[in-house]
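Scroll down for the structure; my scribbles are underneath it.
The values are calculated or read from the model by the stated rules, or taken from the named source; none is laboratory data. Remember, it's a predicted structure, so these values are computed and weren't measured experimentally. Cβ placement follows ideal geometry from the backbone for every residue including glycine, while neighbour counts extend to all protein chains displayed. For accessibility, only protein heavy atoms count, side chains too; no ligands or nucleic acids. Shrake-Rupley method; radii C 1.70, N 1.55, O 1.52, S 1.80 Å.
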There are 2 protein chains.
Amino acid sequence: MSIALVIPDRKLDQLQQKLQQQLPDVLIEIWPDIADPAVVEMAVVWRQPAGCLVNMPNLKALQSFGAGVDNILADATLPDLPLARIVDPMLTQSMLQYLQGVVQHYQLRLDEFSAQQRKQHWKPRSPRKIQRLCILGLGELGQAAACHFLQLGFVVDGWSASLKTLPGIQCFAGDEQFFAAVSQADVVICLLPLTPQTENLLNQQRLSQLKSGAILVNVARGAIVDDLALLQSLDSGQLAAACLDVFRVEPLPSEHPFWQHPAILMTPHISAVTNADTAVAQIAENYRRSQAGLPLLNLVCQQRGY
Amino acid sequence: MSIALVIPDRKLDQLQQKLQQQLPDVLIEIWPDIADPAVVEMAVVWRQPAGCLVNMPNLKALQSFGAGVDNILADATLPDLPLARIVDPMLTQSMLQYLQGVVQHYQLRLDEFSAQQRKQHWKPRSPRKIQRLCILGLGELGQAAACHFLQLGFVVDGWSASLKTLPGIQCFAGDEQFFAAVSQADVVICLLPLTPQTENLLNQQRLSQLKSGAILVNVARGAIVDDLALLQSLDSGQLAAACLDVFRVEPLPSEHPFWQHPAILMTPHISAVTNADTAVAQIAENYRRSQAGLPLLNLVCQQRGY
């Protein structure tokens, strides 16, 4: 009976310690230092190297260490086992705080005033009129964001793969309704999961369907946006600005044009970070459930990708 | 019976038109084009040139065109008449939105991430812990700000010239309690009126009483802050950052060091602008009151200065 923590490039001592406190009788090891792969029954995974789980013949369950699972499903050798993700109310809270702060940043024109300041240019302007938002992706975070902005008094539209029903929010679904969903929004917020269907979804053609002068916020995954198409949309003025917290490659390589683009506000993937305590509680609970033969909490559909 | 609009350097056609609609029987003139100064009974003033009211012998009331009156009281020849100011709920709303946006800007470290972006530097950090705020000045706007941030979950202290009582807010007053008011605050927000007592109030000595690493936000008047002392406090690291919407001279002269200081976020006096419609309604009402011998709305104590 053991749990393997397969999360490369991260210090895991604290996580191991906290999880040990919750599960005192279970051996918890940090990959690649696994004494006996045959006794590992659960793997906690995040950006695991392809193939590293294949020599654990008695795995019963997989637990993502984050809310997304695209990096886990990218491993073609991933065993076909129940896969759960972390659903963290604190993470949702931190995402909402980020999004509200970003929307207010643009409402107050802090982007324009910062640029003016660097040029020693004094030009008072009234706040940007941001009244209508579109949320792409209506999962946990997308729904929470839609409701949050609705409560703040915004008109909110939502778009997702399959049609959702949310009180007070006009919901759209599928490719044929993309234009209707985004074409009136002052700010479009991307909270989609990364799947083969959403990779490069925001390409030149779809970005051109946004309202002229709209602002794009991507807090989902970098690969959902076609980088070159975004740059072209900003340069042509079709989009007024973009706030990016996620990138195709992270950290973003230093030669990437996003860094120095005047209309891009970059943050280093900080909009929503998994809280260790919440994660530990959910991992421990799912370990107990898997031992008892109960369904895991926050199960992911491997085929659907979220 | 006439009203004189004494507001130099501003286009007043719209204000004149709107006010005329409210008071169809009253002559409304734009200074300096006053046909007969002897029939002017009310002057609407903002940054009026010294002495321009002395040849209006039948003035009964003065009406500031804004919320502050320091620029009006700076005129030593100002007649000793009832002086009212504008109290605008929309102005309060716009001030609260500004302050909340600025606090979120610092919580999300958008200041640090913008600086990192310019250096192509990727360094994730969790949000700044901003939990305790101090509001300097507990007039209309100060009280509204204190209550607003209290509702958002912050611990709020307040400081003013005379002691106030506000539910849920620890209030301090006078010079001897300044240290107690500011010394624990993560962010200090200045909403004081500019008076001879508050000019240069935030000097080297008082800025040094703020918590190390605190952030100063000035949305009141530039002359309340000693510019050089502020620069020294930022350079020494005593203050982490300052957000300034108001300046000793506006527009800020291009040679002023605030423009290029990396720890200063500047906005061009946009945190709260008088809404013309609200102003028109209050000017018209105060004209009627002054004609009827009733006390003006939103009277200012000339001696106290607010």
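The table below lists the values:
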{"read-out": "Subset of the stretch A:15-39 (residues that are part of a helix (DSSP H, G or I), under 21 Å from A:N298 (Cα atoms) and among the aliphatic types (A, V, I, L, M))", "value": "A:L15, A:L19"}
{"read-out": "Checking B:K164 against (1) of a type in the set (D, E, K, R); (2) over 10 Å from B:C134 (Cβ atoms); (3) open to solvent by less than 20 Å² (accessible area, probe 1.4 Å), the condition it does not meet", "value": "(3)"}
{"read-out": "Residue within the stretch A:116-137 that is surrounded by fewer than 22 Cβ atoms within 10 Å (Cβ to Cβ), free of Cβ contacts under 8 Å to residues at least 12 places away in the same chain, more than 25 Å from B:K129 (Cα to Cα) and more than 8 Å from chain B (Cβ to nearest Cβ) present", "value": "yes"}
{"read-out": "Enumeration of residues in the stretch B:40-67 that are among the small types (G, A, S), within 21 Å of B:R289 (Cα to Cα) and either assigned to a loop (DSSP other than H, G, I, E, B) or touching a Pro at 6+ places or on another chain (Cβ under 8 Å) (or both)", "value": "B:A61, B:G66, B:A67"}
{"read-out": "Some residue of the stretch B:10-30 being of a type in the set (A, V, I, L, M) and open to solvent by 20 Å² or more (accessible area, probe 1.4 Å)", "value": "yes"}
{"read-out": "Condition check for B:A240: touching a Gly at 6+ places or on another chain (Cβ under 7 Å), assigned to a strand (DSSP E or B) and of a type in the set (A, V, I, L, M)", "value": "yes"}
{"read-out": "Residue in the stretch B:104-113 that is away from every other protein chain (no Cβ under 14 Å), part of a helix (DSSP H, G or I) and open to solvent by less than 10 Å² (accessible area, probe 1.4 Å) present", "value": "no"}
{"read-out": "Filtered residue count, the stretch B:256-275, keeping only those that are facing another protein chain (nearest Cβ under 9 Å) and either open to solvent by 20 Å² or more (accessible area, probe 1.4 Å) or more than 14 Å from the chain's Cα centre (by Cα) (or both)", "value": "10"}
{"read-out": "Single unsatisfied condition, A:V6 versus (1) surrounded by 21 or more Cβ atoms within 10 Å (Cβ to Cβ); (2) assigned by TED's automatic domain parsing to the domain that holds A:G222", "value": "(2)"}
{"read-out": "Candidate set from the stretch A:69-103 (those that are within 30 Å of A:F149 (Cβ to Cβ) and among the hydroxyl-bearing types (S, T, Y)); member that is farthest from the other protein chains (Cβ to nearest Cβ)", "value": "A:T92"}
{"read-out": "Any hit, the stretch A:91-101, residues being without any contact (Cβ under 8 Å) to a residue 60 or more places away in the chain, hydroxyl-bearing (S, T, Y) and open to solvent by less than 30 Å² (accessible area, probe 1.4 Å)", "value": "no"}
{"read-out": "Failed item in (1) of a type in the set (A, V, I, L, M); (2) in a loop (DSSP other than H, G, I, E, B); (3) touching a Leu at 6+ places or on another chain (Cβ under 6 Å), with A:V249 passing the rest", "value": "(3)"}
{"read-out": "Subset of the stretch A:276-294 [of a type outside the set (G, A, S) and either surrounded by fewer than 14 Cβ atoms within 10 Å (Cβ to Cβ) or touching an Asp or Glu at 6+ places or on another chain (Cβ under 9 Å) (or both)]", "value": "A:D277, A:T278, A:Q282, A:Y287, A:R288, A:Q291, A:L294"}
